[in-house]
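Undergrad: Please find one structure pasted underneath; my questions will follow.
The values are calculated or read from the model by the stated rules, or taken from the named source; none is laboratory data. Quick caveat, the model's predicted, so the values are computed rather than measured. No Cβ is skipped: glycine too gets one built from the backbone with ideal geometry, and neighbour counts run over all protein chains shown. Remember, those area values only see protein heavy atoms, side chains included, never the ligands or the DNA or RNA. Shrake-Rupley method; radii C 1.70, N 1.55, O 1.52, S 1.80 Å.
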Amino acid sequence: KPIRPRHLISAVQTRVRRARAVESRRVKRADKDASTGLVYRTSLLKQVDEALHRGQQEGGILFVEVENLGPLRERIGLTALETLLGDLSRLLTATLGEVPSTRFGDGSYIVLDVQHDEAALESLGVQLRQTVMAQPFTALGHPLRLRVSVGVAAFKHGFDEAGAMINAAE
């Protein structure tokens, strides 16, 4: 077909712009789960290791764990529990804003804060506990309240690697 050069150039430019925009969005979100807002575990652990290797002194990690997870799993089942943990994940990311967090185990999360001192980390842990305990969740159509425990480990204590720091916070 006869195609006008101007139309061909315009169509190609539009497709190039669209492809670049899609790629840019993909790269920006490459380290986060789109449905929960949680950072992928490997990405967060890498950030913790990098902070330790550069001698980070401010900040640290919080280890957040849902209490009585085993009995809860038995009571509501695995599928309902995963839905509930998804709701909890979204609550944590909404509460924390730009502070990265990840799901670490079945009912545990790690939060990485590189800006605040140990006292502020402890305050953040208390705030998270209160927020979660005040939040009404639903499982199998019934209201449910969750309790979480929060442990703190500050960078200033000189951990060798992320695993040791997580163990201390846990």
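Undergrad: Which pairs turn up if I take residues in the range 28-51 that are under 14 Å from Ile110 (Cα atoms) and look for partners that are part of a loop (DSSP other than H, G, I, E, B) and at pLDDT below 90 with beta carbon separation below 7 Å, at least 6 apart in sequence or on another chain?
TA: Partner pairs satisfying both residue conditions: Val39/Asp31; Tyr40/Asp31; Tyr40/Asp33; Ser43/Asp31.
Undergrad: Check Ser108 against each of (1) exposed (fewer than 13 other Cβ atoms within 10 Å of the Cβ); (2) modelled with pLDDT of 95 or more; (3) closer than 23 Å to Asp33 by Cα and name the one condition it does not meet.
TA: Failing condition for Ser108: (1).
Undergrad: Separate question: If you go through the range 32-76, how many residues are open to solvent by 60 Å² or more (accessible area, probe 1.4 Å), assigned to a strand (DSSP E or B) and more than 20 Å from Ser149 (Cα to Cα)?
TA: The number of residues fulfilling the criteria is 1.
Undergrad: Now a separate question. Please go through the range 85-127 and give me each residue that is part of a helix (DSSP H, G or I) and basic (Lys, Arg), ordered by number.
TA: Arg90
Undergrad: Let me ask something else about it. Identify, from the list Thr102, Thr79, the residue that is surrounded by fewer than 19 Cβ atoms within 10 Å (Cβ to Cβ) and closer than 20 Å to Thr36 by Cα.
TA: Of the residues listed, the single one that is surrounded by fewer than 19 Cβ atoms within 10 Å (Cβ to Cβ) and closer than 20 Å to Thr36 by Cα is Thr79.
Undergrad: Next question. Filter the range 116-170 for residues that are under 19 Å from the mean Cα position of the chain (by Cα), surrounded by fewer than 13 Cβ atoms within 10 Å (Cβ to Cβ) and touching a residue at least 24 places away in the same chain (Cβ under 8 Å) and give the result.
TA: Those that are under 19 Å from the mean Cα position of the chain (by Cα), surrounded by fewer than 13 Cβ atoms within 10 Å (Cβ to Cβ) and touching a residue at least 24 places away in the same chain (Cβ under 8 Å): Val126, Arg147.
Undergrad: Given the conditions (1) under 26 Å from Gly163 (Cβ atoms); (2) out of contact with any strand residue (DSSP E or B) (no Cβ under 9 Å at 6 or more places or on another chain), report the number of the one that Gln130 does not fulfil.
TA: Failing condition for Gln130: (1).
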